[in-house]
Amino acid sequence: MSAATGKKAVLQLDGKEIELPIYSGTLGPDVIDVKDVLASGHFTFDPGFMATAACESKITFIDGDKGVLLHRGYPIDQLATQADYLETCYLLLNGELPTAEQKAEFDAKVRNHTMVHDQVSRFFNGFRRDAHPMAIMVGVVGALSAFYHNALDIEDVNHREITAIRLIAKIPTLAAWSYKYTVGQPFIYPRNDLGYAENFLHMMFATPADRDYKVNPVLAKAMDRIFTLHADHEQNASTSTVRLAGSTGANPYACISSGISALWGPAHGGANEAVLRMLDEIGSVENVAEFMEKVKRKEVKLMGFGHRVYKNFDPRAKVMKQTCDEVLEALGINDPQLELAMELEKIALNDPYFVERKLYPNVDFYSGIILKAIGIPTDMFTVIFALGRTVGWISHWLEMHASPYKIGRPRQLYTGEAQRDIKR
Ligand code: SDX
């Protein structure tokens with residue numbers, strides 16, 4: 001539980017004083033408990049939740065000023081380079097990194113749940129072949145609840161835990177199939193002899209005609225690291241959506257589907273796709289100066305830059321850039337879009353417009369270049385983000401259900417019409 005500090009904030013209102021308790025966490029700012037403001041007949045007002053801690057959590061900590069991201073206390077750069085994605089999943093779900101035995105057991109559990117009911121494959125046929133893969137994911141993931149009626153009691157911890165495993169295990173299968181469907185290729189089924197990221201890339205790019213298809217280990221390692229870099233990020237918009245949906249008692253598949261929907265926006269997880277389209281639009285380094293003037297005139301945003309919390313480098317962007325260099329070198333790719341991205345970054349980091357607003361590259365700025373090098377099509381970039389983030393969403397959903405919670409129900413400042421009567 002949070003530490004009640006004994007300290008209090010005093011609000012003076014209409015000649016009265018309201019004492020508001022202050023709590024301290026392990027790291028980060030203290031919080032002021034404002035629920036007693038209600039008794040005064042007032043609401044607090046914080047559109048966009050700029051200064052609002054919506055819950056207590058032990059999963060992830062971000063220091064936006066220092067560019068720090070910790071998962072259960074471990075820095076993201078250590079997890080991304082010294083652990084694999086499933087170890088990070090275990091850590092987020094259980095609070096500790098797994099022992100070798102725990103890892104083997106967890107990996108086996110996930111591996112044994114990668115298949116989906118064969119009826120699920122029929123959902124895809126309802127979509128046009130040119131459907132955006134995120135539209136397919138929203139629909140198909142939400143529909144999964146129809147296949148697990150015997151394990152949807154959210155009060156049952158065993159049901160909650162098996163659901164977490166099922167979602168982590170099945171998301172790659174559904175993600176790969178959402179791609180295969182749009183390119184008109186037959187679905188490739190998961191294999192128990194492949195690692196998590198390797199299995200995903202195999203389902204993405206193998207075909208029945210190429211029986212000996214092998215995933216490049218360099219790409220599998222990069223894919224696994226990208227999943228880790230997207231695993232969780234505190235109370236971001238999509239995670240907050242999952243928590244809000246979960247607070248109504250909605251089933252976990254519906255909650256994760258709501259997270260996928262929220263992630264799709266270009267201000268959030270859709271930014272990685274938007275970065276590549278921005279780089280395509282700019283075309284070459286010669287056009288950067290003109291583009292930056294459009295940004296300053298607020299005609300466009302520099303996608304992949306800026307963050308609600310980070311007012312310093314996003315630590316994930318640093319690891320992503322390092323991975324980008326490794327993958328492009330290993331593949332012998334000289335991608336002009338990387339050069340273009342680096343020129344944009346160099347200019348932005350020295351331009352007062354961006355420096356004054358503390359706009360730095362975020363997780364989405366370089367991810368698209370690696371994903372393109374791996375062979376992932378642009379409209380699949382946000383699906384990759386959703387795949388990696390599913391463990392974060394379900395970890396927060398589990399944390400919320402592990403202790404008493406109330407339905408989330410914000411209020412408003414009403415500035416509409418006062419009561420009036422219909423006059424005929
Ligand atoms: C993710 O929350 C999370 O943790 C999200 C995430 C996660 O892992 O879950 O980290 C993933 O969503 C990363 C962010 C991806 N989005 C983008 O790259 C899209 C481009 N970025 C912007 O849309 C914006 O920076 C946000 C949405 C990310 C943050 O917006 P805020 O916190 O509401 O900031 P703001 O809009 O108030 O911006 C402050 C100023 C404004 O200028 P002024 O009004 O002060 O003159 O900075 C400007 C903005 O116009 N600004 C930008 C900019 N981002 C902010 N100007 C140009 N390009 C940008 N990208």
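Bear in mind these aren't lab numbers, they're just calculated from the coordinates by the rules spelled out. Here the structure is a predicted model, which means the values were calculated and not measured. All Cβ positions, even for glycine, are placed from backbone atoms using ideal geometry, and neighbour counts span all protein chains on display.
Whether any residue in segment 25-35 is more than 25 Å from His401 (Cα to Cα) and among the aliphatic types (A, V, I, L, M) is what I want to check.
No, that holds for no residue.
If you scan segment 254-269, which residues turn out to be within 15 Å of the ligand (Cβ to nearest atom) and either among the hydrophobic types (A, V, I, L, M, F, W, C) or closer than 21 Å to Arg166 by Cβ (or both)?
Ile256, Ser258, Gly259, Ile260, Ser261, Ala262, Leu263, Trp264, Ala267
Scan segment 174-185 for residues that are closer than 21 Å to Ile256 by Cβ, touching a Ser or Thr at 6+ places or on another chain (Cβ under 8 Å) and surrounded by fewer than 24 Cβ atoms within 10 Å (Cβ to Cβ) and report the count.
Result for segment 174-185: 0.
Keeping to segment 182-213, report how many residues are in a loop (DSSP other than H, G, I, E, B), small (Gly, Ala, Ser) and within 26 Å of the chain's Cα centre (by Cα).
Qualifying residue count, segment 182-213: 1.
For segment 231-253, give me each residue that is under 21 Å from Arg166 (Cα atoms) and either within 15 Å of the ligand (Cβ to nearest atom) or of a type in the set (Val, Ile, Thr) (or both).
Of everything in segment 231-253, those that are under 21 Å from Arg166 (Cα atoms) and either within 15 Å of the ligand (Cβ to nearest atom) or of a type in the set (Val, Ile, Thr) (or both) turn out to be Ala231, Asp232, Ser238, Thr239, Thr241, Val242, Arg243.
Tell me, which helices (runs of 4 or more DSSP H) wholly within segment 319-424 include 2 or more residues that are out of contact with any Phe, Trp or Tyr (no Cβ under 9 Å at 6 or more places or on another chain) and within 12 Å of the ligand (Cβ to nearest atom)?
Result: 352-356, 381-401.
Please work out if Ser261 is surrounded by fewer than 16 Cβ atoms within 10 Å (Cβ to Cβ), in contact (Cβ under 8 Å) with a residue 24 or more places away in the chain and either out of contact with any strand residue (DSSP E or B) (no Cβ under 7 Å at 6 or more places or on another chain) or more than 21 Å from Leu79 (Cα to Cα) (or both).
Criteria not met by Ser261.
For segment 97-106, what are the residues that are under 20 Å from His71 (Cβ atoms) and touching a Pro at 6+ places or on another chain (Cβ under 9 Å)?
Phe106
Give just the number: which of (1) more than 30 Å from Ala131 (Cβ to Cβ); (2) in contact (Cβ under 8 Å) with a residue 40 or more places away in the chain does Val355 not satisfy?
(2)
Which of the helices (runs of 4 or more DSSP H) found entirely inside segment 52-154 contain at least 3 residues meeting this: without any contact (Cβ under 8 Å) to a residue 60 or more places away in the chain?
Fully inside segment 52-154 and qualifying: 85-94, 100-111, 120-123, 133-143.
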